[in-house]
Structure formats: C-alpha cells, structure tokens
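The values are calculated or read from the model by the stated rules, or taken from the named source; none is laboratory data. All values derive from a computational prediction rather than experimental measurement. Backbone-built Cβ (ideal geometry, glycine too); neighbour counts: all protein chains shown. Heads up: the accessible areas ignore ligands, DNA and RNA and are worked out on the full protein's heavy atoms, side chains in. Shrake-Rupley method; radii C 1.70, N 1.55, O 1.52, S 1.80 Å.
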Amino acid sequence: MASRASSETAASPAPARIPELPGLGTTWYRRGPRYWLRRTVNALFLLTVLAFFCYIALVLYSGAPRTYLPRGVRTGWDVTQAVASCVALVWGWTKQRRSHREALLAPPSPGRVAGAARDSRRRVPGLVALGRGLLLLAAPLMPMLAAWCVGWFLALLTVREYPTEVGARRWLEAQTGRSGTS
C-alpha cells in the first residue's frame, strides 16, 4: 500500500476555522470524495486548456515558416522538433517535481497563498500582452514550449498533496497548539 499523505492522519475533531485554499476550498482538510472531485475537475480543466494550447502550437508550427523549407530540410527540422519536444517534456516534469519538493520543505501559510494569488492577478494583464508578442516570435519553438508545459502540468497534477495543503495543515496545527496552551 502506498504511504499515507501527511494530511491523512487519524480522525480528529475539526478546528473552528479551516482556511480555504485556491481550487480546493476547505475540502483539503478531510480529503473525502468532494476533495477528489475538485482535484479531478481541476485536472480535467487544465488538461483541456493544455490540449487547446498544444493544438495552437502545432497550427503555428505548421504555418508559413515551415512550408518554405525544402523537403529534406523540413524532415530534418521536424525530427529535431520532435526530439527537442520530448526533451522539453521530461525537463518540464523534472522542473515541477523539484519545485514541488522544495515547496514541501517550506510550505506557504494560508495568508501567503492568498497574498500570492492577489499579486498574481495584478501581473496578469501585462503578462498577457507580453505573451502575445512573444507568441509570434516563438512560433517555431511552440511545440517544445507546449511539451514543456505538458510535462510541468502533468507533474503538478500527479502529486499526492500540494504544498498549500501542507502549509495550511501546519498553520492549523500551530493555531491549535497556541489555543490549547493559553
């Protein structure tokens, strides 16, 4: 049997206030059917977005620049792209797993998670505008970028628990420990 997630401990009474985590709400505390349903829905949504992204990447890749290449060069270019995409997929996977391992060593508290989400929402409009410009320049590299993203997201979706869950659980334990001693 696989080892238990650190949040799967013996049944204990629920604290008065369980913090909500982005994408999981308060379901992370009990890890019951609602929790797994939310994780599955989140994963399916991300995989749908990734499928669309990969489709756009392939459409951009098979566009005008590639069609002007001679047949022999085009074949070599396609093989190079396929190999580079496989390497990028593995690279994305390992990058995410290392980041996840590091995040588990110092998981964020619920307050830090909310602050990071707020900061991210402020940066998004500028990043979208930057992304549109880079998209045109990066069309030949889009398959590799898409493969990297697929590897990164697959590694993210296949972890047993997220660092935000670990951080929230440690925060709750600290709150419970403080309230029990006063």
Self-check item: Label-to-label distance, nm, for residues given as T67 and E173 (7 Å Cα→Cβ offset)
Solution: 6.0
Quiz item: Residue by residue through the range 40-54, which ³J(HN,Hα) values in whole Hz follow from phi under the Karplus form 6.51 cos²θ - 1.76 cosθ + 1.60 (θ = phi - 60°), with glycine and proline marked x?
Solution: 5, 5, 4, 5, 5, 4, 5, 5, 5, 4, 5, 4, 5, 4, 5
Exercise. Could you pull out every residue, at least 5 positions away or on a different chain, whose amide H is within less than 5 Å of the one on L21? Hs are placed 1.01 Å off N in the peptide plane, and Pro or chain starts have none.
Key: T26
Quiz item: In nm, to one decimal, how far is the V59 label point from the L105 one, both placed 7 Å along Cα→Cβ?
Solution: 4.3
Quiz item: So what does L145 come to for accessible area, using a 1.4 Å probe and Å² rounded to 10?
Solution: 80
Self-check item: Alpha carbon convex hull of the range 26-81, projected area averaged over orientations, nm²
Solution: 5.4
